[in-house]
Amino acid sequence: EVTFTRGNLTVEPESLADAARIIASADATAFTYNGSTQVPASFSVTDGGSELAENTDYTVSLPDSSTDAGDYVVTLTGAGNYTGTVTVAYTIAKASLSVITGASKVYEGTAPTKADGATLQGLVGNETATVIGTGSQVDAGSSSNGYGIVWDGTAKESNYTVASESLGTLTVSRRTLTIETSSATKVYDGTPLTAPGTV
C-alpha cells in the first residue's frame, strides 16, 4: 500500500541585503561640487560573482537632488528573483577656493575700500560671493591684510572650502609733491623781494 502526499517546491527570492553573497558598487563614488547634478553613471551588483541585470534583477533609485556638496545614497531594490535593498554611497566634496590679499596705492588720505586688496578665485560658473579685505592702511607705510568672505551672492558657503590663502600686505607709498615758484624783478628799494610759490 502506497500513500502519496503531494509537496511543494518553493524558491524564495534572494535578498540584496545578504552581504555574504551580494556585492554592490558604482563606477564612481567621489565627486567635487560643480554646480550640476552628479550621480554615478553605472552600478554593478553581483551574486556570488555573477553579474545581475539592472531592471531585471534590481532597479535603481537615485536621490531626489544631488547637486550640493554632501553625502548621498543610491538605493538598489531587488526585482524578479531578488528582494530587499542594498545601498551605494557616494560623496560630493566641496569646491576649493583661493584667496589672495595685498594691494598698493599712492597716499591719498583715505582708507582702502572693502574690495581693495582681496581676490577670491574658484567660484563655480557664475556663482558670486564677496571677499572683503580686513586690513587698513591710510598713511604711507604697510600693514598685513586679512580677509573675510560674505556669502551674499548666489554661492552657498556649504559648497566651498578655502584651500589656499596668500595673505599679503597693504602698502601706501608716499605721494610726490611738485613745488613751483615764480620769478620776480624790481629796482632796489631797500625792502625784500618776494614771489609766490605753489605746491
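Could you please let me know if Gly153 is farther than 30 Å from Phe31 by Cβ and within 22 Å of the chain's Cα centre (by Cα)? Answer is no for this residue. Scanning segment 149-180 for residues that are more than 30 Å from Thr67 (Cα to Cα) and out of contact with any Ser or Thr (no Cβ under 8 Å at 6 or more places or on another chain) yields Arg174, Arg175, Thr176, Leu177, Thr178.
Selection over segment 100-121 of residues that are open to solvent by less than 40 Å² (accessible area, probe 1.4 Å) and touching a residue at least 40 places away in the same chain (Cβ under 8 Å) gives a count of 5.
Filtered by the rule that a residue be assigned to a loop (DSSP other than H, G, I, E, B) and either of a type in the set (Asp, Glu) or free of Cβ contacts under 8 Å to residues at least 40 places away in the same chain (or both), segment 12-30 gives Glu12, Asp18, Ala19, Ala20, Arg21, Asp27. Scanning segment 154-187 for residues that are within 25 Å of Thr91 (Cα to Cα) and part of a loop (DSSP other than H, G, I, E, B) returns Thr154, Ala155, Lys156. Residues that are open to solvent by 50 Å² or more (accessible area, probe 1.4 Å) and without any contact (Cβ under 8 Å) to a residue 40 or more places away in the chain were ranked within segment 31-49; the one that is nearest to the chain's Cα centre (by Cα) is Ser36. Within segment 92-99, the presence of at least one residue that is more than 30 Å from Arg175 (Cβ to Cβ), open to solvent by 70 Å² or more (accessible area, probe 1.4 Å) and part of a loop (DSSP other than H, G, I, E, B) is confirmed. Report whether or not Gly135 is of a type outside the set (D, E, K, R), at positive phi, out of contact with any helix residue (DSSP H, G or I) (no Cβ under 9 Å at 6 or more places or on another chain) and crowded, with 17+ Cβ neighbours inside 10 Å. So Gly135 fails the test. Condition (residue is touching a Phe, Trp or Tyr at 6+ places or on another chain (Cβ under 6 Å), at pLDDT 90 or above and either more than 30 Å from Thr37 (Cβ to Cβ) or of a type in the set (Ser, Thr, Tyr) (or both)) applied to segment 175-187: is it met by at least one residue? Yes, the conditions are met somewhere in segment 175-187. Scan segment 68-111 for residues that are among the β-branched types (Val, Ile, Thr) and closer than 18 Å to Asn145 by Cα and jot them down. Answer for segment 68-111, where residues must be among the β-branched types (Val, Ile, Thr) and closer than 18 Å to Asn145 by Cα: Val99, Ile100, Thr101, Val106, Thr110.
The values are calculated or read from the model by the stated rules, or taken from the named source; none is laboratory data. In this text, all values refer to a predicted model and were calculated from it rather than measured experimentally. In this analysis, Cβ positions are derived from the backbone assuming ideal geometry, glycine residues included, and neighbour counts consider all displayed protein chains. Note: areas computed on protein heavy atoms with side chains; ligands, DNA, RNA excluded. Shrake-Rupley method; radii C 1.70, N 1.55, O 1.52, S 1.80 Å.
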